Amino acid sequence: MYSDKVMDHFSNPRNVGEIENADGVGQVGNAKCGDIMRMYIKVDNDIITDVKFKTFGCGAAVATSSMATELIKGKPISEALKLTNKAVIEALDGLPPVKVHCSVLAEEAIKAAIKDYYDKNGIAHDIEAPGCSCDSCCGSCEVH
């Protein structure tokens, strides 16, 4: 049912925890399944130098959070903003269709953290509040 990579990121998640005095924090959740993700970013010269997450949810939620942090750590914000849920799924060698919404939440949590960073620093942006854009989602994603 789950790939070896999903199981590895669930059993040995990377970048778990909080960043004190984070430059940006984003939290998103899905009311239907109960998953909640919070992402913390540290930024230096437009580079995400550190990223951590706390996720309450299923194994797929933990795995997608972990993989998403790995995909943006050390990257420019502009690159992190291009991260899609599909890229997270591909990096994990796939997810069951009923778990695709977890990858959407990971993408949206990162965007919410970057939006928070921009807002705190008065940086103009066109990042909208996170909202689900996934065709296979349950449609009940919420921003907290």
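What follows is calculated from the coordinates using simple rules that are stated; it is not laboratory data. Everything numeric here is computed off the predicted structure, so don't read it as measured data. Here the Cβ positions follow ideal geometry from the backbone for every residue, glycine too, while neighbour counts run over all protein chains shown.
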>> Per residue, how big is the convex hull of region 4-129 when only Cα atoms are used? Give it in Å³.
In response: 94
>> Filter the chain for me: DSSP H helices, axial length by Cα at least 24 angstrom, mean Kyte-Doolittle hydropathy not below -0.5. List them by residue number.
In response: 100-120
> Assigning unit charges at the beta carbon (Lys, Arg +1; Asp, Glu -1) and nothing else, what dipole magnitude in debye, to the nearest 20, does the chain show about its Cα centre?
Replying inline: 220
>> Mean-square fluctuation check for the chain, GNM, Cα pairs under 10 Å: which of 99, 54, 120 is largest?
In response: 120
>> If I build a Gaussian network model for the chain, linking alpha-carbon pairs within less than 10 angstrom, which residue out of 93, 116, 35 has the largest mean-square fluctuation?
In response: 93
> What net charge do the residues around residue 53 carry, taking every other residue with its C-beta under 10 Å from that of residue 53, with Lys and Arg at +1 and Asp and Glu at -1?
Replying inline: +3
> Restricting the count to DSSP beta bridges whose residues both fall in the chain, what percent are antiparallel, rounded to a multiple of 5?
Replying inline: 95
> Is it possible to state the helix-based mean residue ellipticity at 222 nm for the chain, with each DSSP H run of 4+ residues giving -39500 (n - 2.57), the sum divided by total residues, to the nearest 500 deg cm²/dmol? What is it?
Replying inline: -11500 deg cm²/dmol
> Which whole-number percent is the relative contact order of region 4-129 (Cα, under 8 Å, 6+ apart)?
Replying inline: 29
> Any idea how far apart residue 4 and residue 123 come out in nm if each label point goes 7 Å out from Cα toward Cβ?
Replying inline: 3.8
> Given springs between every Cα pair under 10 Å in a Gaussian network model of the chain, which of 46, 126, 23 has the largest fluctuation?
Replying inline: 126
> Where a Cα-Cα gap under 26 Å defines reach, which lysines qualify for residue 115, not counting those fewer than 8 residues away within the same chain?
Replying inline: 32, 42, 52, 54, 73, 75, 82, 86, 99
